[in-house]
1. Only one of (1) within 12 Å of ligand 2 (Cβ to nearest atom); (2) under 14 Å from Ala244 (Cβ atoms) is not met by Arg76, so which one is it?
2. Looking at Cys74, Cys109, which is the one that is more than 15 Å from the chain's Cα centre (by Cα) and either without any contact (Cβ under 8 Å) to a residue 24 or more places away in the chain or more than 23 Å from Glu231 (Cα to Cα) (or both)?
3. Would it be correct to say that Gly60 is in contact (Cβ under 8 Å) with a residue 40 or more places away in the chain and either within 16 Å of ligand 1 (Cβ to nearest atom) or surrounded by fewer than 16 Cβ atoms within 10 Å (Cβ to Cβ) (or both)?
4. Quick one: which residue in Arg171, Arg202 is more than 22 Å from Gln82 (Cβ to Cβ), at pLDDT 90 or above, of a type in the set (Lys, Arg) and under 18 Å from the mean Cα position of the chain (by Cα)?
5. Restricting to segment 106-126, give me the number of residues that are surrounded by 14 or more Cβ atoms within 10 Å (Cβ to Cβ) and assigned to a loop (DSSP other than H, G, I, E, B).
6. If Val94 meets every condition in (1) more than 21 Å from the chain's Cα centre (by Cα); (2) at pLDDT 95 or above apart from one, which number is that one?
7. Of all residues being touching a residue at least 40 places away in the same chain (Cβ under 8 Å) and surrounded by 17 or more Cβ atoms within 10 Å (Cβ to Cβ) in segment 37-48, which is farthest from ligand 2 (Cβ to nearest atom)? Just the residue, please.
Amino acid sequence: MKSPGIPKIRRNFASWTHSALNGLLPRHCLMCGGDSGPHNLCLPCSSELPRVNHACLQCGLPLSHPSDRYCGHCLRQPPPWQYATTALVYGYPVDQLVRRFKFGRSLACGQVLARELILAVRRRNAVPPCIILPVPLHRFRHFSRAFNQADLIARQVGKALQLPVDGSVLRRCRRTRAHSGLDAATRKLNISGAFDCTIPARKIAEFRHVALVDDVMTTGATLAECARTLERAGVSCVSVWVAARTLEPHQLAK
Ligand SMILES: [Zn+2]
Ligand SMILES: [Zn+2]
């Protein structure tokens, strides 16, 4: 008979060797290859990351006037969630980090994105949610990619902010086309009805305010569909926390 203590010992040993190796191995900056601190980026590369400082409270797009709290678009047509926190502008070198994380399975790149999101949530003093939910991948895509990038970021954010993370109540029930190359209207159509969510009535209080976590927000179609699905399931407040956000065409440097 297998001893119930063995997996725990093995896990502890694995985590001990992981920390010991982390302490011993030299760290190289993911961007320039130079010496880096414990965070996988050297100081100059880290200071050059395009961080979002002052942004619309509801969609996370950068605002140019310090006194503004919401952008014109959110005032006219707010998204189906209440708050958004975005850490970085999606463009060079953030696009490289995202690609290496998502398709090259570089966990170090994922750690940088998660860390930036944690810093952004703390910096903005974001309204604390009850629970964090990663945007789910369809099981076929999850299987072919071996991991869900949103889930990895969500777990690191949850650990740092001491918030529970649930990767099971919100599910992708329909397989959809990849969004790259699709315009906003096609993305919306493509993602419509792609998620389902069932929260047991006795647990609804634990899901009163949910923070949806994803690596990148482009048009926001996926997050909007998730937010609508959560609302139908009884969630009363949704925050969107994303590591990187693409800018609107008028905000891109000419
Ligand atoms: Zn560097
Ligand atoms: Zn806005």
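The values are calculated or read from the model by the stated rules, or taken from the named source; none is laboratory data. No experiment lies behind these values; they were computed from the predicted model shown. Glycine gets a Cβ as well: all are built from the backbone with ideal geometry, and neighbour counts include every protein chain shown.
1. It fails just one condition, (2).
2. Working: Cys109 fails: more than 15 Å from the chain's Cα centre (by Cα).
Going through Cys74, Cys109 in turn, the sole match is Cys74.
3. Working: in contact (Cβ under 8 Å) with a residue 40 or more places away in the chain: yes; either within 16 Å of ligand 1 (Cβ to nearest atom) or surrounded by fewer than 16 Cβ atoms within 10 Å (Cβ to Cβ) (or both): no.
When the stated conditions are applied, Gly60 does not pass them.
4. The match here is Arg171.
5. Qualifying residue count for the region: 2.
6. Single failed check for Val94: (1).
7. Taking the candidates together, the pick is Asn40.
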